[in-house]
Structures are given as structure tokens and as C-alpha cells.
1. Considering only residues that are modelled with pLDDT under 90, surrounded by 10 or more Cβ atoms within 10 Å (Cβ to Cβ) and among the β-branched types (Val, Ile, Thr), which ones fall in region 34-80?
2. Looking only at region 77-92, how many residues end up being in a helix (DSSP H, G or I) and of a type in the set (Val, Ile, Thr)?
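The values are calculated or read from the model by the stated rules, or taken from the named source; none is laboratory data. Everything numeric in this text was worked out from a predicted model, so none of it was measured. Positions of Cβ are generated from backbone atoms using ideal geometry, with glycine treated the same way; all protein chains shown enter the neighbour counts.
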Amino acid sequence: MSPIPAIVPLSDLRVRQAEILELARHGPVVLLERGSRPALVAVTPEMWNDITERLEELEDAAAVYRAKWELATVRDTMDEVPDATVQEWLDG
């Protein structure tokens, strides 16, 4: 996926449909309304599936780490931990 999405005026979609679809095969395409406001982001179905699959994996990983944290601390709520404390734990 391209780190910088292609940017195209929304009005171009009617006349440059094939070109915009080709751009979307290489990364997201941001379609802009008048005034340079993003109207939508076009991605291929494969890219969409990859994004949603990755999001589900990250949500699952977060749930696992939360459950491990709850077991390790015998708590069911998370408190803000200062960065220095986290670094001490890592340096252990």
C-alpha cells in the first residue's frame, strides 16, 4: 500500500473512472469534494479485506493482552502507568 494516497477531485470520477480504479489497485485514492474536503476513500475489495482482517487481529491481540494483564494484576480495570514505571518493568 502506498504511504501517501492518491488525491483526485470527486468530479473526475465520471470522466476518469478507469484511471481512478487503476490508481486504487496500487493504494487508497482520496476523492475530494469542492473546497478540498475529503468525500470518500476508494480501495480495492482485497485491500479492504486486508485492512479489516488486520484490525480484527489487532483487536484480538489487545483482548489477549488485557486478559493477561487482568490475570497478572488481579484487576479488571486499567490505570494509567507512567512511562518511567513501564521502562523500569522492561529493564527489570
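1. THR73
2. Adding up the residues that qualify gives 2.
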